[in-house]
Amino acid sequence: MRRYDPRAAPAPLLLLAGMVSLQFGSAFAKTLFEQTGPAGATLLRLLFSAALLCLFSRPALRLLRTHWRLLLPYGAVFTVMQFSFYEATSRLPLGVVVTLEFSGPLLLAALTSRRALDRVWVLLAAAGLLVLGGTRGLDDPVGLAAALLTGAALTGYILLGARVGRAVPGGAGLALGLSVAAVLALPTAPALGLPPLGVLLEPAVLGAALGVAVLTTVIPFSLEFAALRRLPPRVFAVLSTVEPVIAALVGLSLLGEHLSPLQWGAVLCVVGAAIGTGVGAAGAAADPAPAPGPVSATPVADPRPVPGPDGAPRPRP
């Protein structure tokens, strides 16, 4: 009997499955907060994720010595993004945080685009973000600030990810960047509040943290890697914009995080703006006649990270 390979499934289904896995992992991480706090969950997730990716990609250490000026800020931005994301999700619903996370990439897309229509999409997104910030952020300004910081860090991660993808071959850049992030998290986590070491080393906590790392890193990475070999950037950009909706549905089903009709409308405004921006950016990139040789993606113009010239996906918080 022929063995079924899940990677042979339709590429859009693989990408959507990766996003579902990512948001389930994020929801699962929230269940750890009572024992580890956001800082402890972040530290364990980074350590396990870096170890797993290094195990699979086996990056050469000489790449770290050669490109440390690039990998150090790359890892630092990922560290900020991860700590701020978990801090925000500990205070606000998952769907709200993931939606607010879009603010940075959408602003970047508007600033780097010459199309007047993109300004309209940004205004639509801004309206949605203002609604979310007003309904769920003003009662918790720390959570709101952490969610917006995640968006800013994601913007820097997109810009640096493009450079890392050009400089470091294959998935080695991502593995080394996560390794740098894990090292930087070691002194950062205690400053943000950690439980006693014995709590972090409990088998149940370590097992849960390993599950979070698999759900948020290994599974999305492998599924997106398989999907992006067959998906055009335009389709990837559009499909990626449904992630706030997935996050809101996962938060509702697993965590009981209910959003009001107004908040759902705000989420859909941001999703619609991201779709418009992503389609416009991909369409503009597709207009010129293709040049000979390999085509490299342009993550700066897209609302979410897209594969770099090495073809490797860019993970999100």
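The values are calculated or read from the model by the stated rules, or taken from the named source; none is laboratory data. Being a predicted model, the structure only gives us computed values, none of them experimental. Cβ coordinates were reconstructed from backbone atoms using ideal geometry, including for glycine residues, and neighbour counts include every protein chain displayed. Keep in mind that these areas ignore ligands, DNA and RNA; they rest on the heavy atoms of the full protein, side chains included. Shrake-Rupley method; radii C 1.70, N 1.55, O 1.52, S 1.80 Å.
Miscellaneous remarks
- Gly75 vs. criteria open to solvent by less than 30 Å² (accessible area, probe 1.4 Å), in a helix (DSSP H, G or I), farther than 21 Å from Ala162 by Cα and not hydrophobic (A, V, I, L, M, F, W, C): no
- Any hit, the range 25-38, residues being part of a helix (DSSP H, G or I), among the β-branched types (Val, Ile, Thr) and buried (at least 24 other Cβ atoms within 10 Å of the Cβ): yes
- Boolean, Phe85 is over 15 Å from Val180 (Cα atoms) and of a type in the set (Phe, Trp, Tyr): yes
- Criterion (within 22 Å of Gly75 (Cβ to Cβ), over 17 Å from the mean Cα position of the chain (by Cα) and modelled with pLDDT of 85 or more) met by exactly one of Leu194, Leu201: Leu194
- Of the helices (runs of 4 or more DSSP H) lying entirely inside the range 93-173, the ones with 2 or more residues being open to solvent by 40 Å² or more (accessible area, probe 1.4 Å), modelled with pLDDT of 75 or more and in contact with a helix residue (DSSP H, G or I) (Cβ under 7 Å, 6 or more places away or on another chain) are found at 116-132, 141-167.
- On the stretch given as the range 159-190, residues that are over 19 Å from Tyr86 (Cα atoms) and among the hydrophobic types (A, V, I, L, M, F, W, C) total 10.
- Any chance Arg7 is modelled with pLDDT under 85 and surrounded by fewer than 21 Cβ atoms within 10 Å (Cβ to Cβ): yes
- In the range 192-210, the residues that are in a helix (DSSP H, G or I), in contact (Cβ under 8 Å) with a residue 60 or more places away in the chain and open to solvent by 20 Å² or more (accessible area, probe 1.4 Å): Leu192, Val199, Leu206, Leu210
- Within the set Ala266, Ala247, the sole residue that is modelled with pLDDT of 85 or more, buried (at least 19 other Cβ atoms within 10 Å of the Cβ), of a type in the set (A, V, I, L, M) and under 21 Å from Gly95 (Cβ atoms) turns out to be Ala247.
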